Structures are given as structure tokens and as C-alpha cells.
1. Identify all residues within the stretch 11-22 that are assigned to a loop (DSSP other than H, G, I, E, B) and either closer than 19 Å to residue 92 by Cβ or at pLDDT 95 or above (or both); write none if there are none.
2. Please enumerate the residues belonging to the stretch 23-74 that are surrounded by 15 or more Cβ atoms within 10 Å (Cβ to Cβ) and either in a strand (DSSP E or B) or touching a helix residue (DSSP H, G or I) at 6+ places or on another chain (Cβ under 6 Å) (or both).
3. When you scan the stretch 108-125, do you find a residue that is within 17 Å of residue 162 (Cβ to Cβ), surrounded by fewer than 15 Cβ atoms within 10 Å (Cβ to Cβ) and in contact (Cβ under 8 Å) with a residue 12 or more places away in the chain, even just one?
4. Can you tell me which residues in the stretch 106-162 are in a helix (DSSP H, G or I) and either under 16 Å from the mean Cα position of the chain (by Cα) or farther than 19 Å from residue 25 by Cβ (or both)?
5. Where residues in the stretch 127-146 are in contact with a strand residue (DSSP E or B) (Cβ under 6 Å, 6 or more places away or on another chain) and under 18 Å from residue 101 (Cα atoms), which of them is surrounded by the fewest Cβ atoms within 10 Å (Cβ to Cβ)?
6. So which residues in the stretch 77-104 are assigned to a loop (DSSP other than H, G, I, E, B) and either touching a strand residue (DSSP E or B) at 6+ places or on another chain (Cβ under 8 Å) or within 30 Å of residue 30 (Cα to Cα) (or both)?
7. Please go through the stretch 151-166 and give me each residue that is surrounded by fewer than 15 Cβ atoms within 10 Å (Cβ to Cβ), without any contact (Cβ under 8 Å) to a residue 40 or more places away in the chain and either in contact with a helix residue (DSSP H, G or I) (Cβ under 8 Å, 6 or more places away or on another chain) or closer than 19 Å to residue 15 by Cβ (or both), ordered by number.
């Protein structure tokens, strides 16, 4: 099973930007990184008129799209429940670390991303799986290690140590 660290927080905290920057930093250090992004809405990776879209529309449960440069499997949920994170993680190829964006209520360790200008609930201190905070300003009485949200290098070093990447 791959090692997993989460990036969690509320809307407009800067989660996606931080994940993108962490992937860039950690891959530049030689780590093989995968990501999982939880969406609270419907999404499509193919579009009307595409062959894969037509296959799904016709009733296919899964459609694999394969080229020389990448491949994807689109699984149409139909009436199924959303799968738990562990089921998705089990489908990923081996890597050094999976960074999960979202899934803030799951049990993996997480970095809370906080925008101090917004009045969102705090995760750190309330959720024992939050192991650090990345914020765009100072946090008073920070219950876990705190990092400037833009200090990706130090945050990546923390992740390497915390996750015991080898």
C-alpha cells in the first residue's frame, strides 16, 4: 500500500495550489508522487461527441482510453455509492507518496490548509489526524507544526520526514 498524506481545508483555502506546488517540489527531489482529488460535484473527463463519451452513453460501466502518452479508465457510477478512499488508493500503481486533496474526515494524516482571512472552522486541535498547518498568515497557539503556505520547500521537507520517505 502506498503512503498517503492529505491536504485538507475549506473552500478557497488554497488546497489545489498547494497540492500542485508540493507535487512539483517533491517530484523535483526524485519522489514518485500520485494524487487523488475528491470532487463534491459531478465531473467529466471526456465530452459529448468523443468516442469514450459515446461508449459510456451507450451503457458501458467502464471505458478505458489508451494512447502512447497516457491512459485512463472512466468508471460510470450509475446507481452505485461513491467508493471509499481506500478503494481508490488500492487502484493506484506503486509510488513513494499519494497526496490526497479533500477527504478531510478520513483517517489518514493531513496537512490543514488555512486562509486566515476566512472564518472557517479549524481542523487542527479538533482532528488528531492533522499533523501540520499551512497558512497564509500567522496562527496563534498552533497545536501542530505551522508553515507559511508559500514555503513549499520547508513543508515538503516536513512531509519527507513525517512520512519517512526513503
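1. 13, 14
2. 25, 26, 33, 34, 35, 36, 46, 63, 65, 74
3. No, because not a single residue in the stretch 108-125 is within 17 Å of residue 162 (Cβ to Cβ), surrounded by fewer than 15 Cβ atoms within 10 Å (Cβ to Cβ) and in contact (Cβ under 8 Å) with a residue 12 or more places away in the chain.
4. Answer for the stretch 106-162, where residues must be in a helix (DSSP H, G or I) and either under 16 Å from the mean Cα position of the chain (by Cα) or farther than 19 Å from residue 25 by Cβ (or both): 152, 155, 156, 159.
5. If we take residues in the stretch 127-146 being in contact with a strand residue (DSSP E or B) (Cβ under 6 Å, 6 or more places away or on another chain) and under 18 Å from residue 101 (Cα atoms), then 129 is surrounded by the fewest Cβ atoms within 10 Å (Cβ to Cβ).
6. 84, 92, 93, 94, 95, 96, 102, 103, 104
7. 151, 154
The values are calculated or read from the model by the stated rules, or taken from the named source; none is laboratory data. This is a predicted model, so every value here is computed, not measured. In this analysis, Cβ positions are derived from the backbone assuming ideal geometry, glycine residues included, and neighbour counts consider all displayed protein chains.
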